[in-house]
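Contents: one structure, followed by commentary.
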Amino acid sequence: MATTLAPVHLNRKVEEFLSQKRKMLIGGQWVEAASGKTFDTFNPATGEVLTCVPEGDREDIDRAVKAARKAFEEGPWPEVSPAQRGRLLLKLADLVDKNHEELAELETLDNGKPVFFSRIADVPATADMFRYFGGWATKVEGTTVPVSMPGAKYLAYTLREPIGVVGQIIPWNFPLIMASWKLAPALAVGCTVVLKPAEQTPLTALRLGELILEAGFPEGVVNIVTGFGETAGAALAAHSHVDKIAFTGSTEVGKLIVNAASGNLKKVSLELGGKSPNIIFPDADLKNAIPGSANAIFFNQGQCCTAGSRLFVHKNIFDEVIDGVAAFTKNFRIGPGIDPANNLGPLISQEQLDRVCGYLDSGAKEGAKTVVGGHKIGDKGYFVEPTLLVDVRPDMKVVREEIFGPVVAAIPFSDPNEIAASANATTYGLAAAVWTRDLSTAHRMAAKLRAGTVWINCYNVFDSALPFGGYKQSGWGREMGHDALELYTEVKAVCAQI
Ligand code: NAI
Ligand code: MG
């Protein structure tokens, strides 16, 4: 477990990007905040400042919303054909691919995640999302509807129209991917956007803004305002000329967004937290289930809304699974993500490190036993050990609350018929997984689990074509797949007497 930063050669364009004072994108122009204020963004592996970005606030959000409104109403965006919108998205996907290494390193520096994953997951998934929705741009269709009103004949049909100006607020755990989940469907259907990246990770969104202009999107179609949640984010959620707000982040802030949106009753979609159950049945293939369950929680340092943070294991195999997961943690090489040899990076921030360590303390105080891990690592950067807890009770905070760190609570079960109820005993409902060789068990569980995604013998498998979102307090609406088109469109019924 090394946390020293080995000398690495950064991509030349990354060094260039970091050496310049960054600006934000409003109405096709790179601008400073109206206040002139900036804030620093940090490398979580070292705590050192990477660069600074504008501290956008209410006035900047207002400027950005005006630019988005103008682009939506006056053009040329409304005149850009679906095929042209599709081509712009495909071009953007190509530009993401072309700048793959630069984006991967920038993502890793700003977020901390291992560059290995930025290269094979974050950047390619971002390109794929733009490409997938580029294909949808020409396929946003209405229907013809038979009308039975007596006395005359009618021709009735529906139009699926862009909802208008969209505000999008995204978190820091997958900065580029989250930007693509938000932007791609909105742009495919013809909306204009004000995007607010997380204050911890503004850099790749700003680089993406450059690529959006390079691809040829007209000015004002995408605006990117960097700033804090309580100021810029809150102003965007409350803005009376925003038609829809899409948010990914904590359930707590999700509720604030709902309140803020009530002023003009803008449409809202939310992708929030989770406390996902990962269930191993006694007949599971443990060769796959053990590493799969370790990665389910430890991938991205546990900073995944889908993290498999409650590990339910049948009592007959409990010890074997616990030993296996504990042993698996020894495979992690923990250190700065920019060193390609490391496969577990730091947490995002001091705040997140404190939050996760707070949960480790609370688990210990409430009587949980730590099998492996349990501590922060070193004094430089925000590293914490992958941690496995046993002897937990359902009322413990570590079992109930989203930790958003590499901490899993393992819970034995004996009655397979009762496990769905225990798994569902949470206010969340984002994801779940089952490991079994029995087809009936697998699909019966898939039906019983109250979660937006159920994985069978796998975990964290995502695809641009697979809808994703939460039951219960994990959110409203579905992103990705064609379901995402509904988030950004209104349906208009047109009825003509003929
Ligand atoms: P957060 O929910 O505060 O931040 C997410 C985004 O919302 C950021 O862009 C932030 O600037 C913005 N935001 C914050 N307050 C806002 C407000 N009042 N109005 C409008 N926008 C606002 O999440 P934070 O504080 O970074 O992390 C806290 C916890 O949230 C984590 O420990 C984790 O449990 C959860 N979380 C869940 C995520 C998910 O993917 N579901 C992602 C990030 C955090
Ligand atoms: Mg917050």
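No value in this document is a laboratory result; all are computed from the given coordinates. From a predicted model like this one, the values you see are computed outputs, not experimental measurements. Methodologically, a virtual Cβ is constructed for each residue, glycine included, from the backbone with ideal geometry; neighbour enumeration extends over all protein chains shown.
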* To do: Compute the convex hull volume of the Cα atoms of the range 14-78, divide it by the residue count, and report the result per residue in Å³ as a whole number.
  => 113 Å³
* Hey, what do the phi angles of the range 283-291 turn into as Karplus ³J(HN,Hα) couplings, whole Hz, using 6.51/-1.76/1.60 and θ = phi - 60°, x for Gly and Pro? -> 8, 5, 7, 5, 4, 9, 5, 5, x
* Between Glu401 and Thr231, what FRET efficiency comes out of the Förster formula 1/(1 + (r/R0)^6) with R0 = 25 Å and r the beta carbon distance, rounded to 0.05? -> 0.40
* By how many nm would the segment from Glu16 to Cys458 lengthen if fully extended, with 0.36 nm per residue of separation less the alpha-carbon distance? -> 155.1 nm
* How large is ³J(HN,Hα), in whole Hz, for each residue of the range 468-479 in order, when computed from phi with the Karplus curve 6.51 cos²θ - 1.76 cosθ + 1.60 and θ = phi - 60°, using x for Gly and Pro? -> 9, x, x, 7, 6, 7, 8, x, 10, x, 10, 9
* Structure fact -> Assertion target for Cys191, Cys458, Cys357, ordered by fewest C-beta neighbours within 10 angstrom first, is Cys458, Cys357, Cys191
* Structure fact -> In whole percents, the bins of 5 Å from zero upward hold the Cα-Cα pairs of the range 103-250 as 2, 9, 17, 19, 17, 12, 8, 5, 4, 3, 2, 1, 1, 0
* **Footprinting exposure proxy for Arg85, Arg478 (fewest neighbouring C-beta atoms within 10 Å first)** => Arg478, Arg85
* Using alpha carbons only: equivalent-ellipsoid semi-axes of the range 68-178, gyration tensor based, whole Å -> 39, 15, 14
* For helix 58-73, what angle does its Cα long axis make with the longest principal axis of the chain, in degrees from 0 to 90 and rounded to 10? -> 50 degrees
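So if the hydrodynamic radius of the range 379-475 is defined as the Kirkwood radius over C-alpha pairs, what does Stokes-Einstein give as its diffusion coefficient at 25 °C and 0.890 mPa s, in µm² per second?
My calculation gives 161 µm²/s for D.
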* Over the range 201-287, equivalent-ellipsoid semi-axes from the Cα gyration tensor in Å -> 33, 22, 12
* Structure fact -> For the range 332-416, using Cα atoms only, the Rg and Dmax in Å read 13.9, 46
* Structure fact -> Nearest 10, in degrees from 0 to 90: the angle of helix 82-98 to the longest Cα principal axis of the chain is 40 degrees
* Structure fact -> Label model pair Ala364, Ser262: point-to-point distance (7 angstrom along the Cα→beta-carbon line) in nm is 4.2 nm
* Structure fact -> Which residues qualify? For Val222, with a placed amide H closer than 5 Å and at least 5 residues away or on another chain, they are Val193
* Structure fact -> The lysines whose Cα lies under 21 Å from the Cα of Lys153, excluding any fewer than 8 residues away in the same chain, are Lys492
* To do: Consider just the alpha-carbon atoms of the chain and return their Rg together with their Dmax, both in angstrom.
  => 23.3, 81
* Asked: For the Cα atoms of the chain, what angle does the longest principal axis make with the long axis of helix 251-261, in degrees from 0 to 90, nearest 10?
  -> 20 degrees
* To do: With θ set to phi - 60°, apply the Karplus curve 6.51 cos²θ - 1.76 cosθ + 1.60 along the range 330-339 and write out the HN-Hα couplings as whole Hz, x wherever there is a Gly or Pro.
  => 5, 6, 6, 9, 9, x, x, x, 5, 7
* **Over the range 102-145, volume per residue of the alpha carbon convex hull, in Å³** => 87 Å³
* Can you grab the distance from the C-alpha centre of the range 469-498 to the C-alpha centre of the range 137-207, Å, no decimals? => 9 Å
* Asked: What residues have an amide H closer than 5 Å to that of Ala33, excluding those fewer than 5 places away on the same chain, when H is modeled at 1.01 Å from N in the peptide plane?
  -> Glu55
* Hey, can you grab everything whose amide H is under 5 Å from the amide H of Ala451? Only 5+ residues off in sequence or another chain; H modelled, so Pro and N-termini drop out. => none
* Rg to Rh ratio, the range 1-110, alpha-carbon atoms and Kirkwood radius? -> 1.06
* Asked: Quick one: putting +1 on the C-beta of Lys and Arg, -1 on the C-beta of Asp and Glu, what dipole do you get for the chain around its Cα centre, in Debye to the nearest 20?
  -> 900 debye
* **Set of aspartates and glutamates with alpha-carbon distance to Lys275 below 15 Å, sequence-local pairs under 8 removed** => Glu252, Asp395, Glu401, Glu402
